[in-house]
1. Can you give the mean number of other chain Cβ atoms that lie within 10 Å of the Cβ atoms in peptide B:58-65?
2. Please state the shape class of the stretch B:337-457: rounded when a/c is under 1.5, otherwise prolate if a/b exceeds b/c and oblate if not, all from the C-alpha gyration tensor.
3. On the first, second and third principal axes, largest extent first, how far apart are the outermost C-alpha atoms of the stretch A:35-124 in Å?
4. Quote the total accessible area buried by chains B and A together, excluding ligands, DNA and RNA, probe 1.4 Å, nearest 100 Å².
5. Mind computing the radius of gyration and Dmax over the alpha-carbon atoms of the stretch B:273-329? Å is fine for both.
6. Hey, with R₀ at 30 Å, roughly what FRET efficiency would B:SER411 and B:ASP202 work out to, going by the Cβ-Cβ distance, to 0.05?
7. Work out the FRET efficiency for B:TRP248 and B:THR371 from their Cβ-Cβ distance, taking R0 = 35 Å, and round it to the nearest 0.05.
8. Give me the Å³ per residue figure for the convex hull around the C-alpha atoms of the stretch B:395-457.
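The values are calculated or read from the model by the stated rules, or taken from the named source; none is laboratory data. Keep in mind the model is a prediction, meaning the values are calculated, not measured. Every residue, glycine as well, gets a Cβ built from its backbone with ideal geometry; the counts of neighbours run over all protein chains shown. To get the accessible areas, we keep the full protein, side chains included, count just its heavy atoms, and leave off ligands, DNA and RNA. Shrake-Rupley method; radii C 1.70, N 1.55, O 1.52, S 1.80 Å.
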Amino acid sequence: MSSETNQQTDGREREWTDFEYRAPTLTSAVALGGALLTVAALAQGSVIHSAVAGLGGVVLVAGLVQGIRKLVTVGAAVLFGAVVVGALRGGAVVPIVAAGAGTLLAFDAGRYAVKLGSQVGAAGKTLSAELRHVGVTVAVVIASAVVGTGTYLLAPQEQPALALFALVLAAVLFVSGLTVGSGKSAQKASSR
Amino acid sequence: MSTLQEPAAESASEGNGSSERAEIDDAETEQVSLTLTAKHRSDHWRLVGSGAMLAAGIALVAREPALFLVTVVAVGLLAVRSVATPPEPEFAVDRSLSPANPEPGETVTVETTITNLGEARLPDCRFIDRVPDELCVTDGTPRMATALGPGEECTLTYDLAVSSGNHQFDGVYAIVSDWTATNEHEYELTAERALQCRYDPDPLQVPVLRTLTTPYAGRLATDDSGEGLEFYAVREYRTGDPLRRIDWNQYASTGELATLQFRTERSAAVVVVVDNRREAYTRADRADHHGAEQCVEAAGRLAVTLLDADHRIGIATLGPDFWLSPSDTSEHRRRLLDAFSTDSAFSARPPEQEFPIRLRALQLLHRLTETTQVVICTPLVDDRVEVPIQLFESAGHEVTVVSPDPTRMDSRGGIVATLERKQRINRIHGYGVPVVDWGQDTSFDVAVARRMKGWSE
């Protein structure tokens, strides 16, 4: 059974010893926390949005526990949908941003937990890697949320809203262009 | 961290990458060679990116500033992700086993220490120690995920239940990722370590040979009389009989010459043939031993039993070649047991090649130079093993078959296999070759004793 082939796609598909999937604790907690944050933040606007978000959260956690990536993605998509609808129905800025940040955290942490759980599994020690990943993600999300919301709230009120939106959109597109561009060049360099 | 600094030798493409050896120059500590086996790029950032774009679009249309800010948050994370690629790792692996030379059935504690020799910080790496397939982990786990700074190390500690034979640790599997878990590189670290568990079989309590013998003095009682030690009968004197065999008592009382005959105890030359072809490495359940491993165990016990009875024993195989001429010295016994423990022909892993059975049987036949008995140890899982049985039997070497039973009637396939095997045994009985069927739940001694009882009746 010693199959050292080149065509392995996933650590999960190789059978080493008797392997049991289990999502690591810290990351699962962060994913759950993110989902709860979304639910709580949306509750300020409307209970229905909160309930839909709760459903998304349940699906995400189910995916986490079973180790199914698609479920985690679907749960996060439902959470995101609830955030969008809540924003369109006139939510206040800070709760919506908090809900969005919570969704992002839940999605990222959920996918990472499934990956680690499939590769390392139950009884494996994962704490230091988890701390690093989760810590960085949480820090970046909080920083972006604070900076973005702060900029918006502190912007002088007499600016026409459209100009402000256009500015933010330009910044968004610029940064995205950077990320996509450098991602592609990184691929090119590594496939030489 | 820059991908432009990767060595030109390592040009694996994305996704299911091809493997390329990345030999790294050795430093002071023993650095293991890495083989890059795969690169993955996670797709969940694309999903986040598309979600962010969607939110931005909706925000623009609906003029909702909150959604814009959600997009900003997502973009912040995306921007950070793009500059992260997994660094080029350099590892040293040190594996310690305690005890280093275990007895069969003992528990061995394995401690594998992996040190990051490189300059780069590895924020997210996962190690999976590649345990030999046939051994079970009883405590702890050979997997870990950790972050290693330059010079830092981590240790995998776990317990293994060891069975006899030759086991091989291949190395460690490492998955190195960056700290947003976007790109993953999988590496195989070559850190081989052999674990040899010495094989020490107990002799059986019952003899198992048929009656063919060779003209060497030994312990097997035969039916034809000749030179030997135990008085058997008296016959009429013939010219040329040695003087020391004349029954002087009878001559003294009756005046007639008569010759004493003794029951000959002759030793046998026996070659024990082990079926170690790939087909023999079957088992019903992952927790069982392979059929071939049980054959090695049966062969070991038989060999020790027969050596204790002063017979001359040789070893041969039907799969990967191994040959020891029949002999009975103590040196030979030691060599035999060493071979069962350590030789690659008897390893716990199935062989890669196929072996044409008729050719191997003929090779073996050429090596059997005198009247030799043959004991074939085979799980009888395919029909081709009947070829050597027939060949040896028809060439005059008496064959006994010892067959551990690897089948179980727990599934449809298992029932078919069990019935086919029983048919095979009946066919082999039809040639006049006895078969010792060692069932799953009986001990080997009991199986042999039962069969011996059957023969003597």
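1. On the way: counts 4, 7, 5, 1, 4, 3, 9, 12.
Partner Cβ neighbours, averaged per residue: 6.
2. Numbers: a/c = 1.40, a/b = 1.14, b/c = 1.23.
Rounded shape, in that the Cα axes give a/c under 1.5.
3. 45, 19, 16
4. Details: alone 23280 and 12480 Å², together 29500 Å².
By this definition, chains B and A bury close to 6300 Å².
5. Cα only, the stretch B:273-329: 12.9, 39 Å (Rg, Dmax).
6. Details: r = 34 Å, r/R0 = 1.12.
That pair, B:SER411 with B:ASP202, gives E of 0.35.
7. Details: r = 35 Å, r/R0 = 0.99.
My answer for the efficiency is 0.50.
8. Details: hull volume 6.0 nm³, N = 63.
Residue-normalised Cα hull volume stands at 96 Å³.
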